[in-house]
Structures are given as structure tokens and as C-alpha cells.
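The values are calculated or read from the model by the stated rules, or taken from the named source; none is laboratory data. This one's a predicted model, so the numbers in the text were calculated from it and none came from an experiment. FYI the Cβ positions are ideal-geometry reconstructions off the backbone, even for glycines, and counts take in every protein chain you see. Ligands, DNA and RNA are stripped out before the accessible areas are found, and what is left, the full protein with its side chains, is counted by its heavy atoms. Shrake-Rupley method; radii C 1.70, N 1.55, O 1.52, S 1.80 Å.
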Amino acid sequence: MFPLPSQVHFIWQTFIERIDPLVKVLHVPSTTRVLEGCRGQIRTLCPDMQSLFACISFAAIQSMSDDDVLLNFGTDKVSLSSRYRRGAEQALSNADVINTTNLAPVQALTIYLNVLHADEPFRHVWAVIGILVRVALSLGLHRDGKFFKNISPFDAEMRRRLWWNVAILDARVGETQVSIAVICQAMFTTEAPANVDDADIHPGMTAPAVSRRGPTDVSILLGRCKIWRFGRALKGLSLDTAVIKGEVDGRQIYERKLEITRKFKKDMVEEYAATFHGDAGASAFIWAIIDVLTDRIELMAHYQFSLVEKQGSSFPHEAFRVALSIVERFHRIENDPDMAKWSWAAKGSVQWQAIGIILSHLCDVPWDEESEKAWQLIDYSFQDMVKAVTKEPLWKPFRRLFLRAKACRKRFSQIQNQDQTNQNQTQKTRDKGAVDTGQEGEWSGLVSRSAYSTTQSTYSTTVDVQGTIAGGTNGNEQRTDTTCISSAHSFQVINEDMGIGVTSLANGDNECGMAIDGSDIGPMDTNDWQQWNDWLQEGFWSFSGI
């Protein structure tokens, strides 16, 4: 249930290095004194502190790589993580976290839920976060400590840290569920934490903490607070509502959103470039977070504008470019050695909006070098997803879209090969004619251009559904491609003929580390797509993976 006393110090240091900067709910010096006082014997502590250290142990293991766990504990990560998770859950139960009036069990539950998404689908985590939010509200964390005469300055500061971590956690998980159910600014008066190091505050302090300039222990948390507030404020600029009311032109709001978002990104980068100057890993991580989150807000502005303006059948290329940038940066967060300490935060998270828009773009345009680059990145992301993702509500429509893009890629490859065969045959005929007549002209170039034009037209209008996309009972027919054209509006308008059978597409492929042969895919569930579309339009809650 608990680590051995000889392991406690290592686990605690791992937590301080990897988890604490992102989930800043603890005062490290105070917690260290408790740990030293019990000499690593966690079982001798009260139930509240047992729950805290049990969750710290679970989080520390979750943040480590398989090799690190094997090297330091002599066992595999899955087994050790599972054991510590059971211990954390038992300790939370013993502490009666639902009825608690103390901060420690709530801090423990917050830490526990911040790392649980690597093992469980976000729906599971989201449901438990509902309990966390209500416990936090019952403790009055949504009201700033300065309104309570019996709360010391130190406790007021710790309550601020805890509440903001709860709000951010609720946002990053709730974005894939029901976005209107997340915490909003009107619900609380709790101020952001002071920009101070843990060494600047202590339980005996009698005056409020005074923020300082430069990097501190809470700098990353404060950056996330600013992004949280920015997302909420920008969400108030509603494209569809304003256009319906006739208050303002949709393009004006669209351009205003892009302008505000880009300025916010510029200001954040400048601020944190100075804050983390000299710390390559921390600065790279912060810049990557800022880039991903602000780009996702920009992406949603493109998406919403395309819906309101009914621009046509496809996303603007700018949206595709931004989406591709998001996936690339998120991939870097997960795999860059400089950011390895914090890559745990991205595990189990999926850039649904960006990947969905990229795939719909790939289904809507002729395949080229840029398309192939995008496909390789998406294919890698798909294979790297954890198994828990398959339980997400967006998984089914997402998988169908992935398989459609795969079918389009395969079809374009077939057409390209056929085109090359035709050109080779044409070249042989031309060469033979040239030998017979002794003349050469523009025939070869004309044939080549004509063949390319035919390829483009065929790719964008028809699909060979033999063993690839079966829209009906006749598997050898050619029909207009409604399944390979996906766009901003195809998230809203669902064709009746959307069933696809893609067994032959897989050919034994093991995407996402799981057997996906498409044999279970029937007619599309309209509710899935409606939920996806509604969620995309609420896409300013773009906190996943931080």
C-alpha cells in the first residue's frame, strides 16, 4: 500500500521535480517536515496525511518511465503503479475525503486525478472530478480566504493554489465531456496565488504574501491561470450568437479573436522567456504549452467562422496549418528529452480538435507531399494513443474519420500507380509512333497533363469501394464519394449513407496498439457527430495535456 521507508525520500524528490511544478497544491517545506518527522513510516501518520503521501507515491510512479521504474524499484511500472493506485484509493477512503473538512485529503485527491488520465478514460476521471469540485465548494475554496477572519494568510494562499488547480483540472478534462458543466469565472471570487517561492511563506506568517518578480515555484501555475481566464473571456465573443442577433458582422469577431489571441500569445511568450531565461527545459515546456493552447484557440476561431459563414465544403487551409502545428508541438512535449520530466502530463490526452480537422482536410483535398507529411504525423499519434482512449465518447467518430482518410490515401495511391502505368504505356506508344514516322511533338506532355487532370478529378469525385469503402450491397460499384469528403459542415450534416466496411483497409494493421479491423463499424451514430460538432464549437476549453 505504501512505499518502504527507504524508498520514500526518492519518491518525494521525484514528486518535487516532476509533479509539483505543474500541480502546485503543496507547500514543500511543510510537507517535507512531516515526512522527516515520521522517518518515512507513512503508516504512523493520521489518515489525512496518509492519503496525501499515498497519492504522492502514485503520482511519482506515474511520472516515471518504464526503464526508470525498473532501475530504481526492480519491478515493472504497471505492477508498481497498480499497487500504489490501490493504496491511494484505500487511503482516500480511510480519510473520508467526501466529508472531510481538511485540505490534505482534497490536495491528495487533486494530485491523484491529475495523473489518473494515463490509465483511465477522461469520462471516468471527469466523473470523479465532479466529486472533487463539490468537496472544494463545500470547503469554501471558491471564496477567497481574505473574506474569512479565521483563515490565516498562509492558509489563504494554500487555498488559492488548491482551488485554481481544481478549476484547471476541471477544464482540461471537462473539455471532452460537457463543456457547459465546467467551473466558470462567475462561480468564485478566489484570487490567483501570489507569485512567491515556497520559502517566502510559512504557517506562522501574519501578513499576506507579496508577489515578487521573476520565476518562482508557482510561475507555471500562474501561467495556466492566465490561459484559463483568457479562454473564458474569449469565449464570450460568440460568432454565431452575434450574427444571429445582427449585432455585428461575423468576420469582424473572427478577425478580432485572431488578433486578441495572437497578441496574448506574444505577450505570454515575452513574459515567460524572461521568467525562465537560462532554464532550457522549463522554457521549452512553457513555450510549447503556450503555443499549443493559443493555437487551439485560434483553430477554433477558424472552425466557428467557417460554420457561421458557410464558406463551402472545406476548412480554410489556415486552419489545417494551425492544426498541424498543434499536433507537431504536442508530439514534441511527449518526446523531447528536455521536457521528459513533464511529459507525463500529456499521456492519455488527445488533440481531438486538431486531429479531426487534419483528417477532414486530408479527405477533402488531392493527396500531395504536405498531405503525406500530415498523415505520417497523425498515424504516429494514432498508434501512440493509450488504450483508455478507446473508451472516450469521441473515439468512434474519430476512428471512422481516420479510416476514411486512410481509404482516401490508399485510393490516391492506386490512382497514382495506375496513372504511372498509363503514362508508361503512352510513352511506349509515342516512342513506337516516333520510330514509325520519325516525328516528335507535344504529345507526351499533353498526355501527361491530361492524365494528371484526370487523376485529380477522379480522386475528388469517385471512390472504388471494392473491399475498401462499401456503401451498399454491391461491392464492385463506383459511386460519388460522400464518405471521403469531410469538412466543417460534414460534422453537422450527416448523410444517411454513412456506413463503411473497412476490413480490407486494416490488412492486419495494429493501429493504436490494438486490433482495429473496422469489421464492427456500422452506420454512423448521428449522436456521436452531433456531440463532436457541439464540442468543437465550444472548443475554447483547450486545456488537454497540460
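Largest first, the extents of the alpha carbon coordinates of the stretch 97-238 on the three principal axes equal 42, 38, 28 Å. A 1.4 Å probe over all protein chains sorts 93, 57 by accessible area into 93, 57, starting with the largest.
By its C-alpha gyration tensor, with a ≥ b ≥ c as the square roots of the eigenvalues, how is the stretch 32-185 shaped: rounded for a/c under 1.5, else prolate for a/b larger than b/c, else oblate? Verdict is oblate for the stretch 32-185. If you add up the charges near residue 359, with Lys and Arg at +1 and Asp and Glu at -1, over every other residue whose beta carbon is less than 11 angstrom from its beta carbon, what do you get? Local charge sum for residue 359: +3. Taking the centroid of alpha carbons for each part, the stretch 14-45 and the stretch 134-170 are 20 Å apart.
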